[in-house]
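Visitor: My questions will all concern the structure given below.
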Amino acid sequence: APKTVLITGCSSGIGLALAVRLAQDKQRRFRVIATMRNVGRSGALAAAAGPALGRTLEIKQLDVCDEGSIRACLDSIPGRHVDILVSNAGVGMAGPLECQSLTAMQSLMDTNFFGLVRLVKEVLPDMKRRRGGHIVVISSIMGLQGIVFNDIYSASKFAVEGFCESLVVQALRFNVAISLVEPGPVMTEFETKLYEEAERADYSRTDPETAEIFTKLYLRSSKDVFTSIGQTPEDIAEHTLRVIEAARPPFRHQTNVAYTPMAALKHADPSGALITDAFYKLVFKYDTVLRFSLRAIRLLRWKAQKVKAGVRLLGFK
Ligand code: NAD
């Protein structure tokens, strides 16, 4: 029988692409419950799903910030039976801390972190009872490594990672798998929304130097990064499908090889000096048009290889 997959945040981006990819699976392995906060925004998904809509894909309302709506959605599913939960809904935030309100930060945490917690609290007991299931979480490379001016967003994804890393062992006991998908930059509304917010922000709340670093240096480089190494939501959907169909699903899966050196650098030097220094130089020292460019990432990779070689030389591995 096809597996029931519930996905959150399907009105756009990765959620939409994944819902469509799974619903159009040639082997018809999935029955997709594509959820969104506002079903009035289902036009793009319905159009992309085509004839799958009403067959292998159905659209339901679910707001990850509202326990009642999560429960109502699950109660509407026969036997509350969800084989695979994909926690995808999320929001971004970038800019100087002083320009962001605490209310906005709390709202981001409420979506990105507590949204996942609410879903898991509702779905996990059923999965444990059935001794089977898979919780797939769209995290981010920023859940492994902080990036300048993404302080709050990164903190929310670290929270997600810590939560899953703790829970995975207990879940395993009940034959429930947990997987974190960690994309780098992906070209979706997420990015557009960030730039729109950056346009509207009140930079008088920070000092002119910080404002300049963010608006001149960061925003420009960020756009370059997205166009040079950014992936499409369809790419992330393919990666997520691989995680879903794996006989033994990985706990972590990074979608963009350009980012693996970051993780390597971080783990190679527990004091954190190496990675902080590398990022500092990346942002403030390298005089390239694309500061966060492939060239810089290649440098990071080279540094990581040197560190790895050093570790091997010392006979630790
Ligand atoms: P997106 O903005 O297109 O999609 C996010 C979706 O979540 C939207 O449809 C939005 O309406 C929905 N959402 C927001 N709050 C919600 C709520 N309370 N309840 C239900 N749905 C809600 O952006 P995306 O890039 O597709 O983002 C999907 C996930 O991927 C997010 O968790 C994001 O953090 C993560 N991610 C994105 C990128 C990127 O560069 N775009 C990189 C790494 C990770």
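Visitor: Every residue in region 112-157 that is open to solvent by 20 Å² or more (accessible area, probe 1.4 Å) and of a type in the set (V, I, T), please.
Guide: Across region 112-157, the qualifying residues are V117, I147, V148, I152.
Visitor: Give the residues of region 31-57 that are open to solvent by less than 10 Å² (accessible area, probe 1.4 Å) and outside any helix (DSSP H, G or I), sorted by residue number.
Guide: V32, I33, A34, T35, M36, L57
Visitor: Right, another one. For a quick check of your reading: which helices (runs of 4 or more DSSP H) sit entirely within region 185-282 and have at least 3 residues that are open to solvent by less than 40 Å² (accessible area, probe 1.4 Å) and touching a strand residue (DSSP E or B) at 6+ places or on another chain (Cβ under 7 Å)?
Guide: Where helices (runs of 4 or more DSSP H) fall fully within region 185-282 and carry at least 3 residues being open to solvent by less than 40 Å² (accessible area, probe 1.4 Å) and touching a strand residue (DSSP E or B) at 6+ places or on another chain (Cβ under 7 Å), they are 233-245.
Visitor: For region 58-73, state whether one or more residues are in a loop (DSSP other than H, G, I, E, B), farther than 19 Å from S139 by Cα, away from the ligand (no atom under 16 Å from the Cβ) and assigned by TED's automatic domain parsing to the domain that holds S12.
Guide: No, region 58-73 contains no residue that is in a loop (DSSP other than H, G, I, E, B), farther than 19 Å from S139 by Cα, away from the ligand (no atom under 16 Å from the Cβ) and assigned by TED's automatic domain parsing to the domain that holds S12.
Visitor: Checking F163 against (1) within 12 Å of the ligand (Cβ to nearest atom); (2) open to solvent by 40 Å² or more (accessible area, probe 1.4 Å); (3) touching a helix residue (DSSP H, G or I) at 6+ places or on another chain (Cβ under 8 Å), which test does it fail?
Guide: The single condition F163 does not satisfy is (1).
The values are calculated or read from the model by the stated rules, or taken from the named source; none is laboratory data. Everything numeric in this text was worked out from a predicted model, so none of it was measured. Every residue, glycine as well, gets a Cβ built from its backbone with ideal geometry; the counts of neighbours run over all protein chains shown. For the accessible areas, the whole protein counts, side chains as well, though only heavy atoms, and no ligand, DNA or RNA atoms are used. Shrake-Rupley method; radii C 1.70, N 1.55, O 1.52, S 1.80 Å.
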